[in-house]
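This report refers to the structure that appears directly beneath it.
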Amino acid sequence: MRHLFSQRKLMVWIGMVLAVIVFSLLGSWLSPYDPYAISPLTRLKPPSFEHLFGTDNFGRDLFVRMALAVRISLGIGGSVTLIAGLIGLAIGLLCAWYRGLDQILMRVCDGLFAFPSLLLAIAIVGILGPNAGNVVLALSLVYVPSIARVIRAAAMVVKEKPFIDALRVQGAGAQRIIWLHLLPNVISPFIVQVSWVFSMAILTEAALSFLGSGVPAPAPSLGNLLLEGKAVIFTAWWMTFFPGGAIVLLILSLNVIGDTLRDHIEPALQPLPARLLRRLKKEPQANE
């Protein structure tokens, strides 16, 4: 952990994510404006000291609406990550141990994989109705199979280790082996996978809201803020710049953090240092 957090690049990206979280929590307190108050006299005002991010086409302060939208998007992304992570972890571990259960649940996961994630989420939200709870349910169902398959593959490798055979010989039961021995050995790929799911859940929620199948108006989300700014993109650039910038910053930061965690958790995936590569290239010539 000391080596991981000693990297300046990683700490910079973590700091960006923390800054966005602090903005989402404190932004509505720092601004005196109501995020839902309509003011026709101040519509489409550019950024200024009075309105830091400008106003939208209904005269609402974009700064406070951005803070609330980021809070909603982070809440949905975190809820999806928690629900999909726990269910996918349990399914992956059980499928790795029980062959009969594996044949059933993995075929269901394969069937869900046959549909593009965004289209599947739109179909589920269209059936249940567009609101934040249904978006969380739909995205959780979409991302459970990806987590389950990764955990199943990692658990299948651990299952063949000699210490698992030793536990069986000693009389350890299936539940004890699964939750006390398989589970700790799949935490590393689990952490990497949920970091990816967190970023993709935020992005997919923004896409759903942009298409009108996500968080319904007047509640702000990053997607419907972009949708509102699309019609006035050439006259009110700030209505698309700030929500779009927040999405890019969040997704990029979370992806970089996930890649860095993967490199440290799975050292075999790290690229070889340039000095070692040069040495490996020179060794065959020296032997000749």
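The values are calculated or read from the model by the stated rules, or taken from the named source; none is laboratory data. These numbers come from a predicted model, not from an experiment. When we count neighbours, we look across all protein chains shown, and the Cβ atoms used for this are built from the backbone with ideal geometry, even at glycine.
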Quiz prompt | Test: G78 is surrounded by fewer than 17 Cβ atoms within 10 Å (Cβ to Cβ), under 20 Å from the mean Cα position of the chain (by Cα) and at pLDDT 90 or above | solution = yes
Quiz item: Hey, any hits in region 123-134 for a residue that's closer than 27 Å to S188 by Cβ and modelled with pLDDT of 90 or more?
Solution: no
Quiz prompt | Qualifying position, being crowded, with 20+ Cβ neighbours inside 10 Å and not in a loop (DSSP other than H, G, I, E, B), among S199, S188 | solution = S199
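Rundown of residues vs (1) in contact with a helix residue (DSSP H, G or I) (Cβ under 6 Å, 6 or more places away or on another chain); (2) closer than 23 Å to D263 by Cα, yes/no style:
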{"residue": "S117", "(1), (2)": "yes, no"}
{"residue": "A148", "(1), (2)": "yes, yes"}
{"residue": "R152", "(1), (2)": "yes, yes"}
{"residue": "M156", "(1), (2)": "yes, yes"}
{"residue": "E160", "(1), (2)": "no, no"}
{"residue": "I164", "(1), (2)": "no, no"}
{"residue": "R176", "(1), (2)": "no, no"}
Practice problem: Would you tally the residues in region 113-136 being part of a helix (DSSP H, G or I) and free of Cβ contacts under 8 Å to residues at least 40 places away in the same chain? | Solution: 9
Practice problem: Enumerate the helices (runs of 4 or more DSSP H) found wholly within region 222-288, keeping only those where 3 or more residues are at pLDDT below 55. | Solution: 274-287
Quiz item: Has region 135-155 got any residue that is surrounded by fewer than 19 Cβ atoms within 10 Å (Cβ to Cβ) and under 26 Å from S24 (Cβ atoms)?
Solution: yes
Quiz item: Of everything in region 156-173 that's under 30 Å from V80 (Cβ atoms) and hydrophobic (A, V, I, L, M, F, W, C), which residue is surrounded by the most Cβ atoms within 10 Å (Cβ to Cβ)?
Solution: V158
Quiz item: Pick from region 35-53 the residues that are modelled with pLDDT under 90 and within 29 Å of the chain's Cα centre (by Cα): which of them is surrounded by the fewest Cβ atoms within 10 Å (Cβ to Cβ)?
Solution: Y36
Quiz item: Restricting attention to region 1-34, which residues are touching a residue at least 40 places away in the same chain (Cβ under 8 Å) and loosely packed, with under 12 Cβ neighbours inside 10 Å?
Solution: H3, K9, L26
Exercise. Write out, first by first residue and then by second, each pair whose Cβ atoms fall under 6 Å of each other, whose residues are 6+ apart or on separate chains, and whose first residue, in region 63-89, is of a type in the set (K, R) while the second is surrounded by fewer than 24 Cβ atoms within 10 Å (Cβ to Cβ) and part of a helix (DSSP H, G or I).
Key: R71/S24
